[in-house]
Amino acid sequence: MNTRKFVNKYNDIFKLITKSNKIIVLTGAGISTESGLPDFRSKNGFWTKNQPIQFQDYLDDEEQQRLSWSRNIELHKILKKIRPNIGHTFVEKIVNLNSKENFLITQNIDGLHQRSGVPEDKIIEIHGNAIEARCLKCGETADILDFHAAIKANNPLPKCINCNGIVKVATISFGQPMNENDMLRASNLSSQCDLMIVMGSSLSVMPAGQIPNLAIQSGAKLVILNREETVYDAIADIVINDELKIICGELIKLF
């Protein structure tokens, strides 16, 4: 697409960024697909080829636990090959702007934002993280490689070293309650920002799809950068529908 068409929009976005004091960036799968990570929910995505494991089934059935860990091993093979892209670089630049109270809320579980340089305390992963493991009973973290090794050796799965509870990849599974602390923090920050930038999200998956509304209700400006249209486009202040690598490539030139 001819980038000249959006020159004025790029300049307007830059002006909004430079004059805003509290910016929230909300990212979805679209930012990671450009690094080569398949979209789990797309037409040919992972969940169209693999039956989702329900949270209760994971709790009740060790075979479902083993299947989940096997899938995590395959995901890690992909994550080792891919790298953050210019979209991640743009997010890192926004979050780390000097004297700004800026934060990132992401639907993604791949850890690419951390690898791009966004500080851990500036990231809220509302769907969790696929490179960490956590006890479902006490919340203690565990070494994810111990579970990979157990699967590869066909050994029994380890239990939590703190309480002997069931350990799971630190992502939110189908039927699993969202992390209340993460959602409360995301909601509070979104209600306090003066600019929200949505990148690579269709905003069709809840509860992430409700987050921009919190910003709008507080009087914040809303910018949407996404390949396809979203339900918020009609009420957003600025919308650019194009590939993120093109959009972010142009925006970074302005800094």
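The values are calculated or read from the model by the stated rules, or taken from the named source; none is laboratory data. Predicted model only: the values in this text are computed from it and were never measured. Note: ideal-geometry Cβ built from the backbone for every residue, glycine included; neighbour counts use all protein chains shown.
Take the residues in region 124-141 that are within 9 Å of the chain's Cα centre (by Cα) and not charged (D, E, K, R); name whichever of them is nearest to SER70 (Cα to Cα). Explain how you work it out, then say what you get.
First, pick out the residues of region 124-141 that are within 9 Å of the chain's Cα centre (by Cα): 124-129.
Still in the running and not charged (D, E, K, R): 124, 126-129.
Numbers: ILE124: 26, ILE126: 23, HIS127: 19, GLY128: 18, ASN129: 16 Å.
If we take residues in region 124-141 being within 9 Å of the chain's Cα centre (by Cα) and not charged (D, E, K, R), then ASN129 is nearest to SER70 (Cα to Cα).
Among the residues of region 64-98, the ones that are more than 30 Å from ILE151 (Cα to Cα) and either touching a strand residue (DSSP E or B) at 6+ places or on another chain (Cβ under 7 Å) or not in a helix (DSSP H, G or I) (or both) come to 8 in all.
Tallying residues that are of a type outside the set (Ser, Thr, Tyr) and within 24 Å of ASN108 (Cβ to Cβ) within region 152-193 yields 22. Of the residues ALA130, ALA149, the single one that is of a type outside the set (D, E, K, R) and in a helix (DSSP H, G or I) is ALA149. The helices (runs of 4 or more DSSP H) falling completely within region 176-255 that include 1 or more residues that are loosely packed, with under 13 Cβ neighbours inside 10 Å and under 17 Å from the mean Cα position of the chain (by Cα) map to 180-192. Just wondering, is there one or more residues in region 156-174 that are assigned to a loop (DSSP other than H, G, I, E, B), of a type outside the set (A, V, I, L, M, F, W, C) and either in the same structural domain as SER20 (by TED's automatic domain parsing) or in contact with a Pro (Cβ under 9 Å, 6 or more places away or on another chain) (or both)? Yes, region 156-174 contains a residue that is assigned to a loop (DSSP other than H, G, I, E, B), of a type outside the set (A, V, I, L, M, F, W, C) and either in the same structural domain as SER20 (by TED's automatic domain parsing) or in contact with a Pro (Cβ under 9 Å, 6 or more places away or on another chain) (or both).
Here GLU101 clears all of (1) buried (at least 16 other Cβ atoms within 10 Å of the Cβ); (2) part of a loop (DSSP other than H, G, I, E, B); (3) in contact with a Lys or Arg (Cβ under 7 Å, 6 or more places away or on another chain); (4) at pLDDT below 95 except the condition numbered (1).
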